[in-house]
Amino acid sequence: MAEYINPDYVPEPEKMNVKKGLEGVVMDTSSVSKVNAETNSLVYRGYPVQDLAENCSFEEVAYLMYTGELPNKSQLEDFSKKEKSLRDITKDNLNVIKSLPKKCHPMDSVRTGVSFLGCEDERIWDATPATNLDKAIRLLAKIPTMVAADFRFKKGLDFIAPNPNLSIAENFFHMCFGKVPEARVVKAFDVSLILYAEHSFNASTFTARVVSSTQSDIYSATVAGIGALKGPLHGGANEMVMHMMIEIADATKAEQWMIDALAQKKKVMGFGHRVYKSGDSRVPTMKKYAQVMADVIGDQKWMQMYASLEKVMVEKKKIYPNLDFPAGPAYYMMGFEIDFFTPIFVMARTTGWSAHIMEQTANNRIIRPLSEYIGAAQRKVTPISERS
Ligand code: COA
């Protein structure tokens, strides 16, 4: 149904301060991360994301997200030991994932798995900082197991149990493919998790904060975050980028494809951003590692296509790639099925979501905005027998 506007509606200028899409609205304070559009920079807890990607593991970044500080060696060891000890999921949860319709999107599977995890946690209503931190680590440890289980089940293969001797990135490859690839590939994947970990008040994080603000639990907030992330205007874009590249098929046709797409006023996935207007701070690092993947597989086709699409879009519209643009082909070259790209994003973003959920919980006020009513003027109900 098209938007109904009351013909008698008279806008009241002082009330018409509608911020469609909440553009430019500062909703709260946060110490988790800062996106600086002017300098194209992103910092997590004060550290530039590029610096973290080159010098830290995803585990260190997760610790940083939850506690506000990078761990020292013994803190990291303790944290990793705990995370590794929590990777198993119950048989019941595994069966729930296995029983889902084969065609259900892996984002729906992980959303269901996290929901089930909440049902299994007897401390669900306990939102003390210590318990919420514990739950955050459970989510960090168990989400990859759920995603990998779904990856195997969808291919008709058996589940591979997590290996506590491997890092989060290595273990994910092990659980999906039964082996760990060479170090360059693991590093490229680990970097993608760091870059995807956090991005201030984006749609899914805002969603998670809204749910937390009602004093609901961390699992419910995470499930809601997954629902928001699934959409192609948000996390789902990394999948759409790869579908688009496969549709283009030939790198020499990419320029013309983009010219045609822009002429038809198409939204091209993997480009544009609400906050960044002259480039996404995370893209150069991810592009570098997508190039590493092209070198590993010995095929430059996707990177050539990347360059052609980017060139035309920047020349014609001055719209730049966002992180999903290099991440899509990078994951494809690592061997993941396309519809698992956004669940991988969930594995990373659970760290940012949990940090925000804990921040919201620590200093909460229910999030409850207003709307400007443009519907029918007040009227009287006529009994059904009298309605035409
Ligand atoms: N392809 C083509 N044109 C685009 C575009 C894209 N990916 N992104 C923005 N634009 C254009 C819009 O058509 C609009 O042009 P107009 O003013 O002539 O109508 C203008 O740029 C502003 O775009 P708008 O959609 O209003 O910006 P937004 O802040 O509401 O949306 C996104 C931001 C990210 C949702 C949007 O850029 C988009 O849909 N990108 C593709 C999906 C994507 O990659 N999402 C991942 C984000 S990290």
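Values quoted throughout were computed directly from the atomic coordinates according to the rules given, and no laboratory measurement underlies them. Everything numeric in this text was worked out from a predicted model, so none of it was measured. With ideal geometry, Cβ positions are generated from the backbone for all residues, glycine too; neighbour counts draw on all protein chains shown.
Data for the structure
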| item | result |
| --- | --- |
| ³J(HN,Hα) computed for each position of the range 330-342 - Karplus, 6.51 cos²θ - 1.76 cosθ + 1.60, integer Hz, glycine/proline x | 4, 5, 4, 5, 7, x, 7, 5, 4, 6, 9, 5, 6 |
| Ordering of 187-195, 249-257 by burial proxy (mean other Cβ atoms within 10 Å per residue, highest first) | 187-195, 249-257 |
| Formal net charge of residues neighbouring Ile259 (Cβ-Cβ distance under 14 Å; K, R +1; D, E -1) | +2 |
| Extension gain from Asn36 to Glu315, taking 0.36 nm per residue of separation minus the Cα-Cα distance | 98.1 nm |
| Sorted by Cβ neighbour density within 10 Å, fewest at the top, the residues Tyr9, Tyr320 | Tyr9, Tyr320 |
| Whole-number percent relative contact order across the range 237-333, with pairs defined as alpha carbons under 8 Å at least 6 apart | 46 percent |
| Residues with amide H under 5 Å from that of Ser41, placed H, sequence gap 5 or more | Asn36 |
| Virtual spin-label span in nm between Gln75 and Asp260, 7 Å along Cα→Cβ | 5.4 nm |
| The range 136-156 residues near the modelled Asn95 label - backbone nitrogen below 15 Å, point 7 Å along Cα→Cβ | none |
| Pair Lys19, Lys187: separation of 7 Å Cα→Cβ label points (nm) | 4.2 nm |
| Whichever aspartates and glutamates have a C-alpha closer than 16 Å to that of Lys73, once near sequence neighbours (fewer than 8 apart) are set aside | Glu59, Glu60, Glu83 |
| J(HN,Hα) series, the range 185-192, from Karplus relation 6.51 cos²θ - 1.76 cosθ + 1.60, nearest Hz, glycine and proline x | 6, 4, 5, 4, 5, 4, 4, 4 |
| Cleavage-rule hits (trypsin sites (Lys or Arg not before Pro)) in the range 288-357: DSSP loop, at most 13 neighbouring Cβ within 10 angstrom | Lys318 |
| Under-5 Å amide H pairs with Gly272, H placed in peptide plane, nonlocal only | Tyr320, Asn322 |
| Flagged links, alpha-carbon separation over 18 Å, of Lys266/Lys317; Lys277/Lys318; Lys266/Lys301; Lys155/Lys187; Lys253/Lys301; Lys179/Lys288 | Lys266/Lys301; Lys155/Lys187; Lys179/Lys288 |
| Low-density loop positions, chymotrypsin sites (Phe, Trp or Tyr not before Pro), the range 284-378 - DSSP coil, at most 13 other Cβ in 10 Å | Tyr373 |
| Point-to-point label distance, Asn163-Ala377, nm (Cα→Cβ direction, 7 Å offset) | 7.3 nm |
| Anisotropy class of the range 237-333 from Cα gyration tensor, a/c 1.5 cut | oblate |
| Extension gain from Trp125 to Lys277, taking 0.36 nm per residue of separation minus the Cα-Cα distance | 50.6 nm |
| The range 120-156 and the range 260-301: distance between their alpha carbon centers, rounded to Å | 31 Å |
| In order through the range 99-108: 3J(HN,Hα) via Karplus (6.51 cos²θ - 1.76 cosθ + 1.60), integer Hz, x for Gly, Pro | 7, 5, x, 3, 7, 5, 5, x, 5, 5 |
